[in-house]
1. Are there any pairs, at least 6 apart or on different chains, whose C-beta atoms fall under 6 Å, with the first in the range A:436-451 and free of Cβ contacts under 8 Å to residues at least 12 places away in the same chain and in the same structural domain as A:A218 (by TED's automatic domain parsing) and the second part of a strand (DSSP E or B) and not aliphatic (A, V, I, L, M), and if so, which?
2. Do any residues in the range A:259-283 that are on the phi > 0 side of the Ramachandran plot have Cβ atoms under 7 Å from those of residues that are of a type in the set (G, A, S) and not in a helix (DSSP H, G or I), where the two are at least six apart or on different chains, and which pairs are they?
3. Quick one: in the range A:124-159, which of the residues that are touching an Asp or Glu at 6+ places or on another chain (Cβ under 7 Å) and at pLDDT 85 or above is farthest from A:L179 (Cα to Cα)?
4. Is it the case, given these coordinates, that B:A83 is over 22 Å from the mean Cα position of the chain (by Cα) and either of a type in the set (A, V, I, L, M, F, W, C) or at pLDDT below 90 (or both)?
5. I'd like the full set of residues that are in contact (Cβ under 8 Å) with a residue 12 or more places away in the chain and assigned to a loop (DSSP other than H, G, I, E, B), limited to the range B:61-91.
6. Kindly indicate whether any position in the range A:350-370 is surrounded by fewer than 16 Cβ atoms within 10 Å (Cβ to Cβ) and touching a helix residue (DSSP H, G or I) at 6+ places or on another chain (Cβ under 7 Å).
7. Output the number of residues of the range A:274-290 satisfying the condition of being closer than 21 Å to A:G448 by Cα and of a type outside the set (V, I, T).
8. Name every residue in the range A:64-111 that is more than 21 Å from A:E191 (Cα to Cα) and charged (D, E, K, R), in order of residue number.
Amino acid sequence: MNTQSLQAVLDAGHPVADHRPWPRVVVTPEIWNTLIEGLAGNVWTLLGLWGETGVVHLAVREEASGMLSVASLPCPDGCFPSVGRRHPPAQRLERTIADLMGLHPVGAPDVRPWLDHGRWPVRHPLGAATAPASPVPPYPFLPVEGESLHQIPVGPVHAGIIEPGHFRFTANGEAVARLEQRLGYVHKGIEGLLKGASLEQAAQLAGRISGDSTVAYALAFARAVEAATETEIPARAHWLRALMAELERLAHHCGDIGAICNDAAFALMLAHCAVLREQILRASAACFGHRLLMDSVIPGGVATDLPADGPDILQSLVTGIRRQFPPLVTLYDNTASLQDRTVKTGFVKPALIRQFGCGGYVGRAGGRAFDARRALGYPPYDELKFEVPLRTDSDVNGRVWLRICEVEQSLALIEQILQKLPSGPVGVALNALGRPCEGMALIEGFRGDILVWLRLNSDGTVARCHPRDPSWFQWPLLEAAIEGNIVADFPLCNKSFNGSYSGHDL
Amino acid sequence: MALITDYLVQGGQMLLILLLAPLLTGWIRTLKAQLLRRRGPSPLQPYRDLLKLLRKDVVLADSASWLFRVAPYLIFAAIWVAAALVPTFASGLPFNWAADLIAIVALLGTARFFLALAGLDTGTSFGGIGASREMMIASLAEPAMLMIVFTLSLLAGTTELSAVARFMLNADVGLRVSLALALLALVMVAIAENARVPVDNPATHLELTMVHEAMVLEYSGRHLALIELAASLKLLLYLSLLGCIFAPWGMTTAGEDLTAYLTGVAAYLAKLGLGGFLLALFETRIAKMRVFRVDQFLGMALMLGLLGALLLFVSRSL
C-alpha cells in the first residue's frame, strides 16, 4: 500500500507546458502502475480515462488534498497497462478507448466491445479509422449459472419515451440474480465531430451532448476553453452562468422527483412536479430566450444578459416554488404506499460509491460528500452560501430526498445570485495564444460532476476534446443497486439514478 | 308475449353492457386525467381505439400457435357471458337462473386461464412474467372471492344473484357486519382482478411492472380489440356485481312496464358513474404496491371474507 502523495508520485514525470488549470504529467509505465495501485487502494479517485492517438490520459483526484491531475502515458505500440484490471470503474472507459482509438489495455479483464456494436462504417473512428473487417460475432453477455434462472431482455426500445439502452436481467422468478447493461445505442461520434471544429461549433456541440445537462456541458466546455486560453471572464458572466446552472438543476430535480413517483404509479406527484418544472422552463425562456437554456453559455461569457425584468420573473418563480413545493414534500412523505416502494429499494453500498467516485445525487445519497461546486469552489460558488446535502441511506428514498434538499439549496442560491449579481459586461473575447494549449474543467451538473478536457490548435480550433459524463460512474452502480431486489422494482431504481444515455454513449 | 318481452329485455341488457363497457373505461380515464389537472381524452376515446384496432391488420409472432389466435375469442366470450349474467337494471330475467355467483367465478377463471396460456404461448419473457404474476394474483383472489360467495349464500340462502339482489332489497336485512366485511373483500378482489392500481397499473409505461399488459403485449389488431373490450367488460362486471349485491336500489324486476325499466337503467348508470368516480379517486391517491405485497393485500381480502362467513355461523348458533 503506497502512502505517497499524488504530488510526490507525479513529480517523477514530465509536466506538460500549457495545460491549465491543473497539471498534466507525462508518466512512465512505472508511475502509471503506481497510480493504478493508488486508485485500487481508494487513495485517489478516478475522474476520467480517455485516449488519443498513441497516448492514454488518466485524470485522478486526491480526496485528502483535493489535488487534481492528469497523467499521460505514451503508448506508441498501441498497448497500455490496464487500469480496469485493478480498478473496476475504469473497465468501461477502457473498452471505449479500445473501440474508439484502437488502443489495447493489456491485462484487462473484459475485452468485449462497449460502444462499438459492429454497425459503424469504420472501426476505431478516432484512431486508424479502418474499414470494419468481418461481421462482428454476437455480443456475449456474462454467464449466470444456477437452477431455474431465466433471462429477461429489456430494450433497447422501451415502452416509454426514453433513450435506448439494453438491460439483460437474469432472474429467479421475480428476484434479480444479475443485471447487465449494454449501452452505446446513441453513439453520435461527438468526439469525432469536435475534432477540428471551430470554438463556436464546438460550444454548440458540447451543449448537445446531453440535452438535459446542456448548461452544465456548455459551462464545462467554456471553462476548459477559458482555462486553456488564459481568458479571465467578467464577474457578471460567472454569476449569470451559475444562475443558469441552478435553474437547470432546479428544473430537472423537480422533473425527476415527479418521475420517480410516477414509476410507482403515483401520477399525482408527477402532475404537480411537471407544473413546477414548466414554470421554471418558462421563466428560463423569458429570461434567456431558451427553455432549456441551450447555447446560453458560450466560451468567453454568456450569450444573453439578464433582461431588466429578469430579476422580478425569477424572484416570483422562487417565491412560487417556495409556496408550492413544501406541500409536495409532505405529500411524498405522508403517502405510505409510496414510501413502501421507495424506502430500502435499490440500495447501493457506500463502499462501492466511494470506489467508483460516483458523484451527484447517487453519490451524495450514499455518503460521498463530493460536490464540484464546493470541492473546487469555482466562481461564483466561492462567494455563495450553500450546503451540500448528504445522506447515508443510499436507497431510492434517499435519492429522492437528496433532490428535495438540493431543490431548496438551489432556490436559496438563485435568490443570493439575484441579490448580489454584479454589473458589468457579460463576455470578453478569448485570448489568442497562437500556440497549442490545453485546458480542463470539472463542474457540477444536476446529475453529477462533468469533466471536459480539451486541446486547442494554434489557430484556435479544437484538436481533441473529451467530455466525461457523470453517468460513466453511475450506470455500473445501477447494476449493483438492483441486486437482491425484484424485477418490478427496477424502473424505480433506474429512475432514481436517471443516468444519461446520450452523455455516456457520446 | 311476456316471454318475448323478457327475452328482448335480456337481449337488451347484454347489448347494453357491451356498449357501456368502453364508456366506463373512458369515464374513469377522463376522471383520472382531470384529477391530475390534465384535460384528458374524451370518455368516448375507447370506442375510437376499438374501432381503430378492429380495422388494423393482425400481426402474429412466428412462434404463435393456434391457441394464441383462438384465445381472444374465448376470453371475450367467457367474460361477456359472465357479465351478461349479472343483473344490472332488472332482476328475474330469463337467464337469471344461470346467474350463479359460482358460475360467474368459473367463467372468469376460464378467461384468465386462456389469457395466461396465450401470454405463455409466444414464449417471450414478458408474456411469461405477466402470466406468472397473473396466476399468483388469481390463486389468491379466487379463494377470497369464494369466501365472499359463501358469506352471501349463507345470508341469502342462494348463490343466484337475482335472488340475492331481491333478498338485499328486503328492509329486514339491516346492517350486518358480515356484509360490510364481504363488501370490503369484494372491492379488494375487484381491484386485483381488474389490474388496477395498486395491484397493477392500467396506464403502464413500465414494461417490467406490468401484469395484464405484459400478457397481452404480443396482441394486435382485432385480437387486441377483443381483449381490451373484454377487460372493459370485466371492470363493468365487477361494478355491476357490487351494485347488484350491495346497492340493488332502483333495480326493477322482469315484467314491469317501460317506466320501471327506464328508472332501473337510470339507477344503474348512476351506480356505474359513482363507482367509476370512486375508483378514479382511489387510484389517484395511492401508489402501486410491490409485487410481493399483493399476497398480503389479497390475503386480507380472503381473511375478511372468511371472517364474514365465520361471523354468520357464530351469530346463528347464538
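The values are calculated or read from the model by the stated rules, or taken from the named source; none is laboratory data. Everything numeric in this text was worked out from a predicted model, so none of it was measured. Glycine also receives a Cβ, built like all others from the backbone with ideal geometry; neighbour counts cover every protein chain displayed.
1. Qualifying pairs under 6 Å: none.
2. A:A265/B:A287
3. Checked the range A:124-159; the qualifying residue farthest from A:L179 (Cα to Cα) is A:L126.
4. In short, no.
5. Hits for the range B:61-91 are B:A61, B:S63, B:A64, B:S65, B:V86, B:P87, B:T88, B:F89.
6. No, that holds for no residue.
7. 2
8. Within the range A:64-111, A:D77, A:R85, A:R86, A:D110 meet the criteria.
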